[in-house]
Amino acid sequence: FKPKEFQIVFSDICMDGVNGIETAKAIRQQDERLSIIFLTSSTDYALAGYQVFPAGYILKPVSKAVSQLKDILQHCLPKLLPTMLNLRMKAREVQLDVERLAYIDVQGGHRVGGRRGSVIHLLTGEAMAVDTSYKEVAAALMQSDFVECYNHLLVNFAAVAYLATL
C-alpha cells in the first residue's frame, strides 16, 4: 500500500495471516481519508471493523447486497472527484483543485473593470491574484469546507492545523 495511489480499498476481514481490520489499521496510519469497504461473510467483526471508520461493511455474497454497495459507492464518489474551482485570470479561464487552497481574501487593490478580484492563497504559500470576485469565489465554495471567519477572509478548514480558543 502506498498513500494517494488508491481511492477505494475493498478488503475481506477473514484472511490468512493478518486480518482485514489489522490491514485497515495499517492503512489508516498512512491515509486517514481513504474509503475502505469491508466485504466479509461474518457479522462477528462488524463492531470491531468500525474502529477504522470504514465507508461500509458488506456481507457476502455481494450479489445479495448490490443496493447497499451502490449506496456506499454513491457516498464515496463525491470524495473521489477533485472539486475544481473555476476562476478568471488575465482574461482566461483557469481551474484550481479546491484541496490546494489555504484561504481566499481581497487583499490589496486588485481591480478589473471596476470590480475587485480575489487573492487565492495556496497551501504551498503561493498567492494568485485572480479576476473572479470574492463574492463569486465564496458562492462557489459554499458547499465545501470553507468558512468565512472574518470579513472577506475565507479559510479552508481542511488546511487548519491548529485552532486556539480564547
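The values are calculated or read from the model by the stated rules, or taken from the named source; none is laboratory data. Predicted model only: the values in this text are computed from it and were never measured. Cβ: placed from backbone, ideal geometry, glycine included. Neighbour counts: every protein chain shown. In case anyone asks, the SASA skips ligands and DNA or RNA and just uses the protein heavy atoms, side chains included. Shrake-Rupley method; radii C 1.70, N 1.55, O 1.52, S 1.80 Å.
Filter the stretch 1-12 down to the residues that are open to solvent by less than 80 Å² (accessible area, probe 1.4 Å) and assigned to a loop (DSSP other than H, G, I, E, B), then identify the one that is farthest from Val62 (Cα to Cα).
Ranking the qualifying residues of the stretch 1-12, first place goes to Pro3.
Within the stretch 13-58, can you find the residues that are acidic (Asp, Glu) and part of a helix (DSSP H, G or I)?
Filtering the stretch 13-58 down to residues acidic (Asp, Glu) leaves 16, 22, 31-32, 44.
If the condition is that a residue be acidic (Asp, Glu) and part of a helix (DSSP H, G or I), then Glu22 is the only one that fits.
Scan the stretch 7-48 for residues that are touching a residue at least 24 places away in the same chain (Cβ under 8 Å) and touching a helix residue (DSSP H, G or I) at 6+ places or on another chain (Cβ under 9 Å) and report the count.
Number satisfying all stated conditions: 23.
Out of the residues in the stretch 69-87 that are surrounded by 11 or more Cβ atoms within 10 Å (Cβ to Cβ) and out of contact with any helix residue (DSSP H, G or I) (no Cβ under 9 Å at 6 or more places or on another chain), which is modelled with the lowest pLDDT?
Lys79
Of all residues in the stretch 24-49, how many are touching an Asp or Glu at 6+ places or on another chain (Cβ under 9 Å) and either under 25 Å from Glu99 (Cα atoms) or surrounded by 13 or more Cβ atoms within 10 Å (Cβ to Cβ) (or both)? Even if it seems obvious, please write down each step before you answer.
We begin by selecting, within the stretch 24-49, every residue touching an Asp or Glu at 6+ places or on another chain (Cβ under 9 Å); these are 38-41.
Keeping just the survivors that are either under 25 Å from Glu99 (Cα atoms) or surrounded by 13 or more Cβ atoms within 10 Å (Cβ to Cβ) (or both) gives 38-40.
Qualifying residue count, the stretch 24-49: 3.
Condition test on Arg92, is it over 13 Å from Val155 (Cα atoms), modelled with pLDDT of 85 or more and open to solvent by 90 Å² or more (accessible area, probe 1.4 Å)?
Taking the combined requirement at face value, the residue satisfies it.
I'm checking my understanding of the structure. Among residues of the stretch 95-106 that are β-branched (Val, Ile, Thr) and within 12 Å of Ser144 (Cβ to Cβ), which one is modelled with the lowest pLDDT?
Out of the qualifying residues, it is Val98.
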